[in-house]
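Worksheet for the structure shown next.
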Amino acid sequence: MSSLSTTNRQQTPAVHRFELGEGMQLKVNVSRALDGCSSVIEIQLINCSRSLILHWGCVYSGQINWLLPNNYPTGTKIYKRSALQTPFSKRGDIYLITIELRDPKIDAIEFVLKDERQHRWFKLSQGNFRIDIPKVEACDSHSSIPKDLVEHKAYLIWESRGRPKSSLQEKKADYDAAFEDIQGQLSKGLSLDEIRSSQCLKESPVKRAFDYKETPMASKNSLSSFYHKKHDVSQWLTKKSLHNNKSDYFHPSTFLNLVEKTMGGGDNANLRQSYNIGSNELVVLLKSGRGECHIILAVNLKGATVLHWGVSKMSAGEWLVPPSEILPERSKLLDGACQTYFREISSGHESFQFVDINLKRSNLMGVQFVLWSGGFWLKNNGSNFYISLKSVKLTPGKGEGDGTKICKWLLDEISEREKDAERSLMHRFSIAKDLTERCKNEGELGLIGILVWLRFMACRQLCWNKNYNVKPREISAVQDKFTDLLERIYTEQQDHREILRLILATVGRGGQGDLGQRIRDEILVLQRNNHCKSGMMEEWHQKLHNNSSPDDVIICQALLDYAKSNFDINVYWRTLNSNGLTKRILASYDRPIVSEPQFPAEAKEGLIHDLAAYLKTLKAVHSGADLESAIATFLGYTCKGYDSMNMGKSHHANCLSPKLQESLNFIQAHAGEKNFGPLLEKLLESRIELHPILFGASGRLKDFIYLDLALDSAVKTSIEKSFTVLSNAHLQELMSLVSLMLENLCLSTVNNEDLIYITKDWYRACDSYKPHDQQWSLHTKAVLDRIQLTLADKAQYYLKMMQPSAEYLGKLLRVESWAVVNFTEELIRAGSGATLSILVNRLNPIIRNIANLGSWQVISPVEVCGFIDCVNKLIDVQSKVFNRPTIIISNKVTGEEEIPDGVVGVLTSDMPDVLSHVSIRARNNKVCFASCFDQNILQDLQLKKGMKISVRPTPSGLAYSEVKSVCSFYPQKASFSPKGVMLKKKTFSGRFAISAQEFSSEMVGAKSNNIEYLRGRVPSWIKVPISVALPFGAFEASISAEVNKDLAKKVSFFNGLVNGGDIAKLQMIQDAILEMKAPFQLMSELKYKMRSSKLCWPGDEGEERWNQAWQAIKKEACPTSTLSWSGIGRCQSVPLSTGPQ
């Protein structure tokens, strides 16, 4: 039962009461918000012992279907895109939900209550509870209507008056008139979204020339009042699966299991592949044993089946007659091919047909084939089936003694097929589709190979078109098929979604039907409408008809900018050159562009209109991650005139939530505006709304992926555009930007658990904001350090996984060396992590100042004097000998370098570990070593390159000053020359492993001794690591063991060459050492010492885990610098530790 009490609705809320049974009551208050433009519904549960769920939606007047409002309480979840579910929160003795509705068209709210614990629903007489909303009257304050909406309307009013020069009073009058107009529309029942949309349709395409910054309502700068709201980032948590081998993505079918069981395979199978042929199946097994290799093909087809096949020796595209010695039974040679009849075999109640090809020891690259059965040729999606006989091998990488994996067969085949790929983009994407289909079960390495290849292509390191004419619709169609395949892999291999997103970013979306054809048709319309059928436009027309490419997007943008600038030819070339297009590149096309554009002045407006529309067609095919075209895929082009050249309407709008549609509409209307705060919020909100769709969308999932890629890129570029005003930004505004970028990175990262925890910690730092509190600043600084470490770990992972493939393939394809060397670095810089890193670097000096940490972290406090020299990486000069005292300013210091001879100081913006190799060397050799966190100081030091300065430690860090005269620290050159060093060789004790209690200066180094020295001398809450070490001499004893006899001879030979002056052989010595095997005595003693010290023995986790541990031990024992080989590197001890105990 319910009762309703009403009083004066202008003063008192309407109150609804309902009896729920068991003494529980439901009370609903409906009142007007203080601003008069929205309604507030307060729902209370009285005498309720447990929390319930409000299952609800809103209803427009005259409708019965629920709609979802754009704003809803925190903790609300969308239920099947048709309702909202909000949990009650406890307030004292009652449970409460407060809902604010800002859409005056909402007539009522309907709901039911859900008791999840007892699986029970509370309804009103078997129907929904319904609460009518009082009609919203016009607002009476400026604060109730979004400021940007009023400014936009005021601009339209000013424009309609002919854009006169307005005084401040006239601008204020326009602003008031705009407010009254919007207020009147609200009173008629229109929503703010509808008013905003109508204004977008009325907006003139001419660039805005009127600024309301002088009005009292306008913001002072683009960061004004930007305080980012927080999100429940835990919902975005994604982890990589525990098993991450290439075989994890291969799910054998029942038929494949039958074939393998019948024909053998198991551990000897190098390849197990299954193909669908209609309702039947083809299985391919490649197995080896006893020095031979067999290809087994099996089908469950009925009737006679023939294998029509050939082999390739030099390139994957070859089809050669197979050698006679490998022909199976029932084979006959034809002109250029071989045909072999399948044989039938039974296994229990099952039977199938098979062919067994014994390749013996033939050196073949692969086998191509098709099948003939039932009067039809059976192919692999219209192409030949292909079996590659190459395998994944370990290829040693520079500095990676344990080898670096690459998908070698794939990279080799890419190199072989590049000659075909460079004929046109159609050929390249067709080959990419074929190779991706075949390498998808190779796991991450296979996809990285495809990424490296396509990124070289996207960076114009590979030829896009060579003596081949291709229609745009043909490129578009093959792009569509390729991206369809990537979409399918995206759903199947969630661990590799980051790599797949990077691949998709290099490829246009493509499309079937007339999408590509419109490129050819609409350029003819553009030429006809604007009377430009000769010169540069005709040259471009010929290129578009015969080999359209992503360059056409840049050319079109350059022409559009040229027209908007009143045909300033410098603007045309500036746009081309800033996007990498030069006169040489334009002239290098098969259909060259050698002329400059020339248009009559009266053609300006028509050209701007038609080029803007044509640019959208080009982006739809070639720029999948372009924000405007990505949004248009879902919403269509809403601005006036954009349909004049048959731009397609969206078929996806019904897939989007109302909140996402509202956000995308806002982005469309406000992209490019200087006040980027609201835009950033909408960009991120759109990504948050998209996130669950990316994990469960059906249909054209790739369109959602491209939209997410475009939004991600827009967040990055919007923040980067704001860097010019960051120097004047408030600390809280900078912290809000960091919050937003952390969230953006969480949404883009697959294994994002660390980022999720860091984001939560950053929220706590923002919530407890105390700008003058040292304890708060120390906590905030700790979170910033965690961000930097996480970003560094991610960058290192990319470098380890991608750079070897880039170097191997780059060498095969003869890519320019700078593009190969910088491949991974440029890939990282293109992501959101690089932007977050810049923001963190901006915050670091501010937080350090509040915490009184100074601008320096001094690792080795030594007073020095020397000449400044600047380098990018310390490792690049570690072998150099400086002839005068030098202070190096280095951008990067990893911690594994040697300090060069002649260097007295190293100052860096990097943050090497204070216990790293270079840090210990600096302290031992009395070299000044420090990290600087103030970019202004570093820039000042870099400007002093070649000058002599003195550096001295201070309580707050370091102080430096220019030295005008000869430095007193080095009165003569002789005193600076390196002094002779007497090294006392340590004696091997006969033990290969010792525990911490046995540490001494005769057995282990200073680092290990210092750790043991701390035990019992520090407070109990400071934990000291448990340690075990391989003592001095263990290395020499190991390499002298019988098991390493041949290796010792090799090292001795190389050492003789080094002593003779061949320094290059030092690297070969390092590589040889990393092949050293562990003597049995070393393994036994190390196992005993580790277990007795309560350390886990790696061998308990399997042989592979021990091999990894042994490789790490050898890398630790092996000198970090080749120049230190003949010195103390031979006798160093190796500490093995676990975490604090």
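Listed values, structure above:
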| quantity | calculated |
| --- | --- |
| Residue count, segment 910-964 (criterion: under 26 Å from Leu791 (Cβ atoms), of a type in the set (Gly, Ala, Ser) and in contact (Cβ under 8 Å) with a residue 60 or more places away in the chain) | 5 |
| Boolean, Glu1012 is part of a loop (DSSP other than H, G, I, E, B), over 42 Å from the mean Cα position of the chain (by Cα) and either at pLDDT 75 or above or more than 28 Å from Val906 (Cβ to Cβ) (or both) | no |
| Evaluation of Phe18 against (1) closer than 28 Å to Ser663 by Cβ; (2) among the aromatic types (Phe, Trp, Tyr); (3) open to solvent by 10 Å² or more (accessible area, probe 1.4 Å) (one fails), failing number | (1) |
| Qualifying residues in segment 728-770 (those that are hydrophobic (A, V, I, L, M, F, W, C) and open to solvent by 10 Å² or more (accessible area, probe 1.4 Å)) - the one farthest from Leu791 (Cα to Cα) | Ala729 |
| Residue within segment 397-409 that is of a type in the set (Phe, Trp, Tyr), modelled with pLDDT of 85 or more and either open to solvent by 40 Å² or more (accessible area, probe 1.4 Å) or in contact with a Lys or Arg (Cβ under 6 Å, 6 or more places away or on another chain) (or both) present | no |
| Residue check, Glu743 over 17 Å from the mean Cα position of the chain (by Cα) and in a helix (DSSP H, G or I) | no |
| In segment 1018-1040, the residues that are within 20 Å of Lys985 (Cα to Cα) and of a type in the set (Gly, Ala, Ser) | Ala1029, Gly1033, Ala1034, Ala1037, Ser1038, Ser1040 |
| Qualifying positions in segment 1017-1041 - open to solvent by 80 Å² or more (accessible area, probe 1.4 Å), free of Cβ contacts under 8 Å to residues at least 12 places away in the same chain and over 19 Å from Gln1111 (Cα atoms) | Arg1017, Ser1020, Trp1021 |
| Members of segment 53-95 that are among the charged types (D, E, K, R) and either part of a loop (DSSP other than H, G, I, E, B) or buried (at least 17 other Cβ atoms within 10 Å of the Cβ) (or both) | Lys80, Arg81, Asp93 |
| Pair list, Cβ under 7 Å, 6 or more apart: segment 834-850 residue within 15 Å of Arg786 (Cα to Cα) and open to solvent by less than 10 Å² (accessible area, probe 1.4 Å), other residue among the aromatic types (Phe, Trp, Tyr) and not in a helix (DSSP H, G or I) | Asn844/Phe933 |
| Close pairs (8 angstrom Cβ cut-off, 6 or more residues apart or separate chains): in contact (Cβ under 8 Å) with a residue 12 or more places away in the chain in segment 494-509, among the basic types (Lys, Arg) and part of a helix (DSSP H, G or I) anywhere | Leu502/Arg455; Leu504/Lys702; Thr506/Arg455; Arg509/Lys702 |
| Qualifying position, being more than 17 Å from Asn29 (Cα to Cα), acidic (Asp, Glu) and modelled with pLDDT of 85 or more, among Asp115, Asp140, Asp103 | Asp115 |
| Residue that is surrounded by fewer than 17 Cβ atoms within 10 Å (Cβ to Cβ) and among the basic types (Lys, Arg), where the choices are Lys926, Lys948 | Lys926 |
| Total residues in segment 779-810, condition over 15 Å from the mean Cα position of the chain (by Cα) and either at pLDDT 90 or above or open to solvent by less than 20 Å² (accessible area, probe 1.4 Å) (or both) | 16 |
| Output for segment 309-353, where each listed residue is of a type in the set (Lys, Arg) and at pLDDT 85 or above | Arg330, Lys332, Arg343 |
| Qualifying residue in segment 566-585 (condition: among the β-branched types (Val, Ile, Thr) and not in a helix (DSSP H, G or I)) | yes |
| Candidate set: segment 815-833, residues that are β-branched (Val, Ile, Thr) and touching a helix residue (DSSP H, G or I) at 6+ places or on another chain (Cβ under 6 Å); chosen: the one most open to solvent (accessible area, probe 1.4 Å) | Ile828 |
| Segment 983-1009, residues that are in a helix (DSSP H, G or I) and in contact with a strand residue (DSSP E or B) (Cβ under 7 Å, 6 or more places away or on another chain) | Ala996, Lys1007, Ser1008 |
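Okay, residues lined up against (1) in contact with a Ser or Thr (Cβ under 6 Å, 6 or more places away or on another chain); (2) crowded, with 18+ Cβ neighbours inside 10 Å; (3) at pLDDT 85 or above:
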residue: Leu560; (1), (2), (3): no, yes, yes
residue: Arg574; (1), (2), (3): no, no, yes
residue: Ser595; (1), (2), (3): no, no, yes
residue: Gln598; (1), (2), (3): no, no, yes
residue: Lys604; (1), (2), (3): no, no, yes
residue: Ala630; (1), (2), (3): no, yes, no
residue: Cys639; (1), (2), (3): no, no, no
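Yes/no matrix, rows are residues, columns are (1) polar (S, T, N, Q); (2) in a strand (DSSP E or B):
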{"site": "Ser890", "(1), (2)": "yes, yes"}
{"site": "Glu896", "(1), (2)": "no, no"}
{"site": "Ile899", "(1), (2)": "no, no"}
{"site": "Val904", "(1), (2)": "no, yes"}
{"site": "Asp910", "(1), (2)": "no, no"}
{"site": "Val918", "(1), (2)": "no, no"}
{"site": "Ala922", "(1), (2)": "no, no"}
{"site": "Phe929", "(1), (2)": "no, yes"}
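The values are calculated or read from the model by the stated rules, or taken from the named source; none is laboratory data. Quantities reported herein were computed from a predicted structural model and do not represent experimental measurements. Neighbour counts are summed over all protein chains in view; Cβ atoms, including those assigned to glycine, are modelled from backbone coordinates with ideal geometry. We work out accessible area using only protein heavy atoms, side chains counted, and drop any ligands, DNA or RNA first. Shrake-Rupley method; radii C 1.70, N 1.55, O 1.52, S 1.80 Å.
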